[in-house]
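S.K.: The structure that follows is given in the form of structure tokens.
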Amino acid sequence: MQKYLLSLTLCVSLCNAQTTVTKAFHDPVVGDINNYVSLNGTPDHSSAGANTVFNNSTLTQGGVSPGTYSAPTAAEIGLYPGSTLKYVNSGTTVFYKQTAAKLEITALVTADATINLSANNGTFISYPTNYGLNENDTASGTFSAQGFNGNVSGNINISADAWGTLLIGSKTYNNVLRVKSVQNFAMTVFGFPAGTVVNTSYAYYDSAHKAPLFTTTNAVITIGTNAPQNSNVAQGLNEIYLAVKDIQLKSKFEFYPNPATDVVHFRNSEDANVVIYNAEGKVLKQSRKADEIQVSDLPSGVYFITADKNSTLSETKKLIKK
């Protein structure tokens, strides 16, 4: 009886295990790729608390939107001191500083604005992060947007406010931890108010995937007397929408040689559209239903390659050009 009760207790404990976001497992490094797709529909973040259900099963797959991590250049480190990591995704570039206890934002760069937080970096996430964490931080620096230049400062609140089961697409993920971040910044020019930035994001982590399974960001930027600019981005790992029949392309797509000098050959591409793009996400080469692609005209460096057939996306992989 004692052995039975012990086994039952262990089973209940494992079934209710909560994910902890740790530096050892979840902290990104140079060369990591988040194999994301954009999501169509309205994300539902209404569930809260312990052992809840995050029901986003109505969201559908959009276009490919991989995020890539690379090392910042010397010039970028000069602009954003302390940066150790650069993340590019869908036209947005984020610079980070990695420490033993945190991943901190040193700068945020978009086509419309640059926020440089080198004076006081802002917390992106702390390690470890468990359910119930509620953390506040301050950040400050400079901004440039729509012809305005000045100072920016504000507060960041990070809370691991819920855990439970994530339903998304046709997939179910258990023991998922949700981390919410609210960044609230005020911009000034020569000491006078110039605008505000409010950025609210949600990230859903589990213990089997390094990158969040599902993320959303809502940004509201107001500059001067201009109307607020509101943007919404929702992304999920591409595996969410892979059916059993799609696994072959996802797992078996191969290319060689790597590093490459002149030509890259494909195996198991299944007449797919193969795309090569740079760390900024710009498409440089495409090969439709072919078994090789010329890369001799590409400068030496690191690139990324994917295969896409009937909306099925392979894992994004790194290609080194000599």
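The values are calculated or read from the model by the stated rules, or taken from the named source; none is laboratory data. Note that the coordinates shown come from a computational prediction; the quantities given were computed from them, not determined experimentally. FYI the Cβ positions are ideal-geometry reconstructions off the backbone, even for glycines, and counts take in every protein chain you see.
S.K.: Go through (1) within 26 Å of ASP32 (Cα to Cα); (2) buried (at least 17 other Cβ atoms within 10 Å of the Cβ); (3) of a type in the set (Val, Ile, Thr) and name the single condition THR172 misses.
M.R.: Here THR172 meets the rest and fails (2).
S.K.: Right, here's the next one. Only one of TYR127, TYR131, TYR87, TYR96 is over 19 Å from the mean Cα position of the chain (by Cα) and hydroxyl-bearing (Ser, Thr, Tyr); which?
M.R.: Numbers: TYR127 fails: over 19 Å from the mean Cα position of the chain (by Cα); TYR87 fails: over 19 Å from the mean Cα position of the chain (by Cα); TYR96 fails: over 19 Å from the mean Cα position of the chain (by Cα).
Of TYR127, TYR131, TYR87, TYR96, the one residue that is over 19 Å from the mean Cα position of the chain (by Cα) and hydroxyl-bearing (Ser, Thr, Tyr) is TYR131.
S.K.: Given (1) modelled with pLDDT under 90; (2) among the hydroxyl-bearing types (Ser, Thr, Tyr); (3) farther than 18 Å from GLN61 by Cβ, identify the lone condition not met by TYR241.
M.R.: Every listed condition holds for TYR241 apart from (3).
S.K.: Restricting to region 192-217, name every residue that is of a type outside the set (S, T, N, Q) and over 30 Å from ASN151 (Cβ atoms).
M.R.: Residues satisfying the conditions are TYR204, TYR205, ASP206, ALA208, HIS209, LYS210, ALA211, PRO212, LEU213, PHE214.
S.K.: For region 35-67, which positions are in contact with a Gly (Cβ under 7 Å, 6 or more places away or on another chain), in contact (Cβ under 8 Å) with a residue 24 or more places away in the chain and among the β-branched types (Val, Ile, Thr)?
M.R.: Of everything in region 35-67, those that are in contact with a Gly (Cβ under 7 Å, 6 or more places away or on another chain), in contact (Cβ under 8 Å) with a residue 24 or more places away in the chain and among the β-branched types (Val, Ile, Thr) turn out to be VAL37, THR52, VAL53, THR60.
S.K.: Quick check on my filter: what residues within region 115-130 are in a strand (DSSP E or B) and out of contact with any helix residue (DSSP H, G or I) (no Cβ under 9 Å at 6 or more places or on another chain)? Walk me through it before giving the result.
M.R.: Taking region 115-130 first, the residues in a strand (DSSP E or B) are 115-120, 122-126, 129.
Selection gives ILE115, LEU117, ALA119, ASN120, GLY122, THR123, PHE124, SER126.
S.K.: Counting just the residues of region 292-316 that are hydroxyl-bearing (Ser, Thr, Tyr) and assigned to a strand (DSSP E or B), which one comes out modelled with the lowest pLDDT?
M.R.: Going through region 292-316, the residues hydroxyl-bearing (Ser, Thr, Tyr) turn out to be 296, 300, 303, 306, 311-312, 314, 316.
Now narrow it down to the ones that are assigned to a strand (DSSP E or B): 303, 306, 312.
Details: TYR303: 85, THR306: 80, THR312: 60.
Going through the qualifying residues, I end up with THR312.
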